[in-house]
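This report refers to the structure that appears directly beneath it.
The values are calculated or read from the model by the stated rules, or taken from the named source; none is laboratory data. Please read all numbers here as calculations on a predicted model, not as lab measurements. Using ideal geometry, Cβ is built from the backbone for each residue, glycine included, and neighbour counts are taken over all protein chains shown. Only protein heavy atoms, including side chains, enter the accessible area calculation; ligands, DNA and RNA are left aside. Shrake-Rupley method; radii C 1.70, N 1.55, O 1.52, S 1.80 Å.
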Amino acid sequence: MEPEVLNPTSWYEGDISPEAFRKVGYRAIDMIADYFKSLPDAPVFPLRSSSEIEELFREPLPEEGQEPDAILDDWNARVLPNVTHLGSPRYFGYVQGSGSMMGILAEALAASINQNVGAWKPAPAATEIERRTISWLAELIGFEPVCGGLFLSGGTMANFTALLTALRNTSSYDPNADGLGGHAQGSRFRLYMSDHEGHVSIKRCADLLNLGRDAIRLVPSLEDFTMDVQALADMVDDDRHRGDVPFCVIGQAGSVNVGAIDPLDAIGAVCRERGLWFHVDGASGAVGAMLPEKRHLYRGMEQADSITLDPHKWLYISFECGCLLVRDGEKLRRTFSMTAPYLRGTVPTKYTGLDYLEHGPQMSRGFHALKVWMTMKHYGVDGYRKLLRQNIRCAQRLHELAGHSSDFEVLHSPTLFIYSFRYAPTAYQREAENNPASRTEIEERLDLLNQRIADEIQASGVAFVMTSSVRGRTVLRFSICSHRTTLADIERVFDHLQRVARELDDWNDGPHPARSASLHR
Ligand SMILES: Cc1ncc(COP(=O)(O)O)c(C=O)c1O
């Protein structure tokens, strides 16, 4: 019997016809290719204020529809000139992946099938691709490949998911049903991370879990910014002695200011001895474990109960894409499992599978795994290793340049791709040492100067650099996690940075002796 033709045309009202779609789609691909051609020379930051950009987009709710070509014209006219180019080889802000080109195609393909990866039935292949990609990521970093885990919006949500799983699986009562109210009054849940390099997202998690920010105990760190594990053990024991409830320790694998990796092996031992959940925040740096020459730094990460790892950082995947790996996937399921009559049929059939809504906080979820899966297939582990090594080489080059210049103070050597240093000419440092009374004034002026340098670099369009604080001093922070950054970019930016710094340094009776001509674009 001939199947009944339900729709005599080949497209629907509300769709673009296949021929028109092909035409406008080719145009969109041309626009993307042109964008990447222009990217190396584009000023990295648009240098327009929020109100200027807001005004540009001030327009009425569109009553009448527009042709797709007109909408793409608008992209060229108003959107593109006002973006910060995170894909630029000289974008060094925050920790933001440069966006793989295979990922762009994956995003378009994923949108075309519009899967909801909250449950298996509306996303059979997508679910299995996510499961496989999670396993690949675990294997890549030397974790148990038969583990639980899922993609989340980013590191914060991955940390949140880990901490809730930790709470639910270490408590002596039934927190699923009773929540925090089930816990005896007068004592507090406690979690631990290092004082300097623990990431602020953990504060957000403590808020979301309503533990209170003070539940976070900051463990002193050593000279190299890693956690003092003896201090950790002492703090946990003291807290427990006082009646508090320590439940989780967070070790850093690639910290936010200096890329430090905590002694994960020793932290794991403290956790095992005391029955605590061991979480590794490797949002930025866990993937560095794919490099055989760096693997020893991560010793002990394989013992973790959970690991946060963000593909949208050092795996160059476009936003958003965070990921959590959990050694025992059943613990994740125990934490998030939920049923309702409308989520599944009442009788199990052959056609059911992994429902990710039972393994994490979201119900509806996009097909984020596709861009990771496709990019991993495109680069291969070998390709990824080359790109990561290039980033590390760039950080090391910056360290050499800063170390060889008497204008800059070196604060650490780079472990991975994040590098912080500061403009602090040797003469000023000497002055501060010889004349302690002037130290505070000198330091404060240098702090201000470093901030002005970063602002000026952004304004110049040559690069995007931000500041942070290391041991209380303002530093220039470079996060070199673009697969497009070369040594030549680093040298060019350092040269520019040095000229900017000297230009702005009008402190000691006028400008720095090596002051140069105009720095603006
Ligand atoms: C170590 C670490 N953890 C967590 C986060 C938070 O990640 P996200 O911004 O993806 O939520 C970051 C962000 O830079 C990070 O560096």
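Can you compute the FRET efficiency between SER469 and GLU13 using 1/(1 + (r/R0)^6), with r the Cβ-Cβ distance and R0 = 56 Å? Round to the nearest 0.05.
On the way: r = 56 Å, r/R0 = 1.01.
About 0.50, to the nearest 0.05.
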Study note, to complete from the structure: Counting as exposed only GluC sites (Glu not before Pro) in DSSP loop states with no more than 11 other Cβ atoms inside 10 Å, the longest exposed-site-free span of the chain is 294-521
Study note, to complete from the structure: For the chain, the dipole about the Cα centre with charges only on Cβ (Lys and Arg +1, Asp and Glu -1), to the nearest 20 debye, works out at 1120 debye
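In the neighborhood of GLY254, defined by Cβ-to-Cβ distances under 11 Å, what is the net charge if each Lys or Arg adds +1 and each Asp or Glu adds -1? Don't skip to the answer; put the middle values down first.
On the way: positive: LYS294, LYS313; negative: GLU197, ASP262, ASP281, ASP310.
Counting the neighbours of GLY254, the net charge comes to -2.
Over segment 163-282, what is the mean sequence separation of C-alpha contacts under 8 Å (at least six apart), divided by residue count, expressed as relative contact order in percent?
Numbers: 188 pairs, mean separation 33.6, N = 120.
RCO, segment 163-282: 28 percent.
Under a point-charge model restricted to the Cβ atoms of Lys and Arg (+1) and Asp and Glu (-1), what is the dipole moment magnitude of segment 120-271 relative to its Cα centre, in debye to the nearest 20?
Values: 12 positive and 20 negative charges, 139 e Å.
Here segment 120-271 has a charge dipole of around 660 debye.
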Point to revise | Only Lys, Arg (+1) and Asp, Glu (-1) charged, at Cβ; segment 236-337 dipole about Cα centre in debye | key: 220 debye
Check your understanding: Among MET338, MET31, MET290, what's the order by accessible area (1.4 angstrom probe), most exposed first?
Key -> MET338, MET31, MET290
Revision key, fill the gap. Share of accessible surface on carbon and sulfur in the chain, whole %, 1.4 Å probe and ligands ignored, is 53 percent
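What accessible area per residue comes out for segment 420-484, rounded to a whole number of Å², with a 1.4 Å probe? Kindly include the intermediate steps, with their values, before the conclusion.
Values: 2570 Å² over 65 residues.
I get 40 Å² per residue for segment 420-484.
Rounded to the nearest 500, what is the chain's calculated 222 nm mean residue ellipticity when only DSSP H runs of at least 4 contribute -39500 (n - 2.57) each, over all residues? Before the final figure, lay out the partial values.
Working: 15 runs with 211 residues, N = 521.
Calculated from helices alone, the mean residue ellipticity at 222 nm is -13000 deg cm²/dmol.
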Practice item. Give the relative contact order (percent, whole number) for segment 305-449; include only Cα pairs under 8 Å separated by 6+ residues. Key: 13 percent
Practice item. With a cut-off of at most 16 other beta carbons within 10 Å, and DSSP calling the residue loop, which trypsin sites (Lys or Arg not before Pro) in segment 270-343 qualify? Please list them. Key: ARG299
Exercise for review: Report, in cubic angstrom per residue, the convex hull volume of the C-alpha atoms of the chain.
Suggested key: 203 Å³
**Study point:** Distance from segment 189-245 to segment 134-157 (C-alpha centre basis), Å
**Key:** 24 Å
**Study point:** Accessible area in square angstrom per residue, segment 45-128, 1.4 angstrom probe
**Key:** 59 Å²
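Which net charge results for the neighbourhood of ALA28, defined as the other residues with beta-carbon distances under 14 angstrom from its beta-carbon, given Lys and Arg at +1 and Asp and Glu at -1?
That works out to -4.
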